[in-house]
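Following: one structure in structure tokens, then a few remarks.
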Amino acid sequence: MAEKKITRVGGGEKAPQKTTFVPTAEAKAQAGKLRMYGILLWVLAVVAEIAAMIILFKKDPEVALSTVPRVALIVILLIDLVLLIAGSMFWKKANRFDPASNQDVLKFFFQNQLGVVVAVIAFLPVVILAFIKKEYLVGAIAALFMVGGGLASADFKPPSKEEYAKQSNYVNELMGADHVYWTKSGTKYHLYQDCQYLKSDRTTEIFEGGTVADAYANNSKIKPDMSSLCSACEKRAAKEKGWTDEQLQEMKDKAANAVENAAQPPQTEQKAEGEN
Ligand SMILES: [Zn+2]
């Protein structure tokens, strides 16, 4: 079989467990490019918003807008929405190439949910102005777009360096290398190229091989958590290793602990004891 070409299997000595995930230079460059596209689209969304606000600024609050400028306003807001969501898509994809560390809670939140912040920037001013100018329909539509655009821009399952490292460690324990397989539309990654679940759509799907991080970067349908590892592949690997369920769990914990322990400050005495 093709995947048997593992060269450095050594004796009992294992490769040290990863404590964090470091993206390759290539992934980092790709993330940079995607972020640039995302920011560019967001800037254009704000430009659309400014155009809408110029129309509203000129409006007399006591005189209703005629149909043409009102429709123009709604179309501009729709363009604003499309640009916002497109920008957020690029931004979220970039984070899968180069995820944030969840150790810094604030940075982790802003890096992953920046699209929500942009949704507020791209719509809230126009919502307020529309209501000041008594253009209630436009105001309501803008408010709706802000909420919808915000939800579409949020990352409900954000990737983290820690999660990438844990799974890379675990796959390494199971297979001796961080090499997995996935399909374009599948929601799992696999350890064996001939997995039954991959076989079932062999004719229509394109297979790719790479690290766990590559799987996340190239297929946004795979959620970045441990449950995305195909359970059939996991069981098969455990069986080949002769591991029981407990031993398997132990390995999983070990892979996770290597990351979590590294995240904590190195064995310094906590001064919690002295406090009352
Ligand atoms: Zn599988």
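Close amide-amide hydrogen proximity is noted between Glu208 and Trp182, each under 5 Å apart and 5 or more residues distant or on a separate chain (H modeled in the peptide plane; Pro and chain starts excluded). Probing with 1.4 Å while keeping every protein chain in the model, the per residue accessible area of the chain equals 57 Å². Among the chymotrypsin sites (Phe, Trp or Tyr not before Pro) found in segment 112-169, those both in a DSSP coil and sparsely packed, with 12 or fewer other Cβ atoms within 10 Å of their Cβ, are Phe156. Within the chain, the cysteines lacking any other cysteine Cβ closer than 4.7 Å to their own Cβ are Cys195.
In the chain, excluding the sites themselves, the longest stretch lacking any of the trypsin sites (Lys or Arg not before Pro) that are in a DSSP loop with at most 15 other Cβ atoms within 10 Å is 59-133.
In the chain, the calculated helix contribution to ellipticity at 222 nm averages -20500 deg cm²/dmol per residue, counting -39,500 (n - 2.57) for every DSSP H run with n ≥ 4. In terms of its C-alpha gyration tensor, segment 62-125 comes out oblate, because a/c is 1.5 or above while a/b does not outweigh b/c. The label-point distance for Val105 and Ile74, in a model that sets each label 7 Å from Cα toward Cβ, rounds to 4.4 nm. Rounded to whole Å, give me the distance from the Cα center of segment 232-256 to that of segment 142-175. Going from one Cα centre to the other spans 25 Å. For the chain, the Cα gyration tensor yields ellipsoid semi-axes of 47, 24, 14 Å (square root of five times each eigenvalue, largest first, whole Å).
Each residue of segment 236-241 was assigned a 3J(HN,Hα) from its phi angle through the Karplus expression (A = 6.51, B = -1.76, C = 1.60, θ = phi - 60°), giving 5, 5, 5, 5, 5, 7 Hz with x at Gly and Pro.
Shape class for segment 156-239, computed from the alpha carbon gyration tensor (a ≥ b ≥ c): oblate, with a/c not under 1.5 and a/b at or below b/c. Hey, with R₀ at 51 Å, roughly what FRET efficiency would Thr244 and Val82 work out to, going by the Cβ-Cβ distance, to 0.05? Computed FRET efficiency for Thr244 and Val82 comes out at 0.45. Using the Cβ of Lys223 as centre and a radius below 12 Å, the other residues enclosed give a net charge of +1, where K and R count +1 and D and E count -1.
The values are calculated or read from the model by the stated rules, or taken from the named source; none is laboratory data. As the structure is a prediction and not an experimental result, all values here were calculated from the model. Methodologically, a virtual Cβ is constructed for each residue, glycine included, from the backbone with ideal geometry; neighbour enumeration extends over all protein chains shown. Side chains included, ligands, DNA and RNA excluded: accessible areas come from the protein's heavy atoms. Shrake-Rupley method; radii C 1.70, N 1.55, O 1.52, S 1.80 Å.
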